[in-house]
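Take a look at the structure set out below.
The values are calculated or read from the model by the stated rules, or taken from the named source; none is laboratory data. Values in this document were obtained by computation on a predicted structure and should not be read as measured data. We place every Cβ from the backbone using ideal geometry, glycine too, and count neighbours over all the protein chains shown. Side chains are part of the model used for accessible areas, which takes the heavy atoms of the whole protein and leaves out ligands, DNA and RNA. Shrake-Rupley method; radii C 1.70, N 1.55, O 1.52, S 1.80 Å.
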Amino acid sequence: MKLIILLTLSILSTSCNSQEKKVNTNKKSDSDKVEIESQIGEYVTSIFEDSKGNLWFGTNGNGIARYDGENLKYFTTKDGLPSDRVTGIIEDSNGIFWLHTGEGVSKYDGKNFTNFLVGDDFSSNVITNLLIDSKNVFWVGTWNGVYKFDGQAFHPFSIPYPKVDTKINEDTKYWVTGIREDTEGNIWFRRDGYGVCKFDGKSFTHLLKKDGLHSNNITQIEFDKDGSVWIGTRVAERDDPDPKKRFGKGGINKMIWNEIISFPEIAGFNDGDVYEIYRDKSDNIWIATVKNGVYRYDGVAFKHYNVPISIMGMREDRKGNLWLGGAGGLYRINQNGEIINVTTKGPWK
């Protein structure tokens, strides 16, 4: 129960609070209900474009939706998924899809779902991230640490715990929020409470608040064209049971070589939560804040987009549109910079 409360607090609730005024109104009229029901999902957690150009939208409660250019189709537990909470999807070299769900890993071959439990406990089966790296190693991030998957069984992968000088939430100390690979083949692990951990195949290197990060609670990592690392964090103090103490550092840091910098002049980059950072095909870096919209960094300056919801997932499609999913539904920023709410009825083009 504590894990569920924390997830709701750190990923969903703050996002919902900032966007409800846009999708919902204080008066629960019939028109409000229609508007809410027409969204792709109350929470659109992730976006993916597959090798055929289909768009996939993971949701928290509605399974996963696929748009093939003409029709929107939902896949749920009725179709074989183990859970209707889907936080992401990847495609392997054989065109097989792998989904991270709230109850294990699910494999979809285009016709059937095959489901895998990572472990015997609840936390091991709440999947946060899947990665097939350049060496074809299949990594699985969970609320209970990291595993390697050989196609049949899951094997725990131990990551050392650095000494930290901040308070650790015992309920999330094993939570790995994500896994990424850089261009040199290093594997980067995002952790809630223990900062960033880089694994070069032999040794581990830790980046922590004492090194210059806003927080040890890491939510996202992205690499830019110059090799710099953009790091998203959340405010650790939000876990405090006392509402008056739920304030602290969080947001965006950038590591240039061994120097970690911040952007004190940008709203939402220093005392809020950032859950998504995305590098598009033109090498722009997109950063989504919880309450201050979305920013695009072109290597010179930041441009602000007033997206009215808190974003959890971003993806540029092959046509150059940027799709954004979050607490309140799905949005698209087209090539003209227009911000469009896309519902089950579109507009898709």
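Per-structure values
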read-out: Which listed residue, of Lys163, Lys148, Lys167, is in contact (Cβ under 8 Å) with a residue 12 or more places away in the chain, open to solvent by 20 Å² or more (accessible area, probe 1.4 Å) and not hydroxyl-bearing (Ser, Thr, Tyr); value: Lys167
read-out: Any hit, segment 1-21, residues being part of a loop (DSSP other than H, G, I, E, B) and either open to solvent by 70 Å² or more (accessible area, probe 1.4 Å) or at pLDDT 50 or above (or both); value: yes
read-out: Among the candidates Ile339, Ile285, Ile333, Ile266, residue that is touching a residue at least 40 places away in the same chain (Cβ under 8 Å) and not hydroxyl-bearing (Ser, Thr, Tyr); value: Ile285
read-out: Subset tally (residues that are open to solvent by less than 30 Å² (accessible area, probe 1.4 Å) and of a type in the set (Phe, Trp, Tyr)) for segment 239-274; value: 2
read-out: Test: Ser215 is surrounded by fewer than 18 Cβ atoms within 10 Å (Cβ to Cβ), part of a loop (DSSP other than H, G, I, E, B) and among the hydroxyl-bearing types (Ser, Thr, Tyr); value: no
read-out: Subset of segment 43-61 that is outside any loop (DSSP other than H, G, I, E, B) and among the polar types (S, T, N, Q) - its residue that is least open to solvent (accessible area, probe 1.4 Å); value: Thr59
read-out: Among the candidates Ala267, Ala301, residue that is more than 22 Å from Ser46 (Cβ to Cβ) and modelled with pLDDT under 95; value: Ala267
read-out: Listing of strands (runs of 3 or more DSSP E) fully contained in segment 62-125 that carry 3 or more residues being exposed (fewer than 13 other Cβ atoms within 10 Å of the Cβ); value: none
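Okay, residues lined up against (1) closer than 20 Å to Asn253 by Cβ; (2) surrounded by fewer than 18 Cβ atoms within 10 Å (Cβ to Cβ); (3) at pLDDT 95 or above:
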position: Leu130; (1), (2), (3): no, no, yes
position: Asp133; (1), (2), (3): no, yes, yes
position: Trp139; (1), (2), (3): no, no, yes
position: Asn144; (1), (2), (3): no, no, yes
position: Gln152; (1), (2), (3): no, yes, no
position: Val176; (1), (2), (3): yes, no, yes
position: Asp200; (1), (2), (3): no, yes, yes
position: Ser203; (1), (2), (3): no, yes, yes
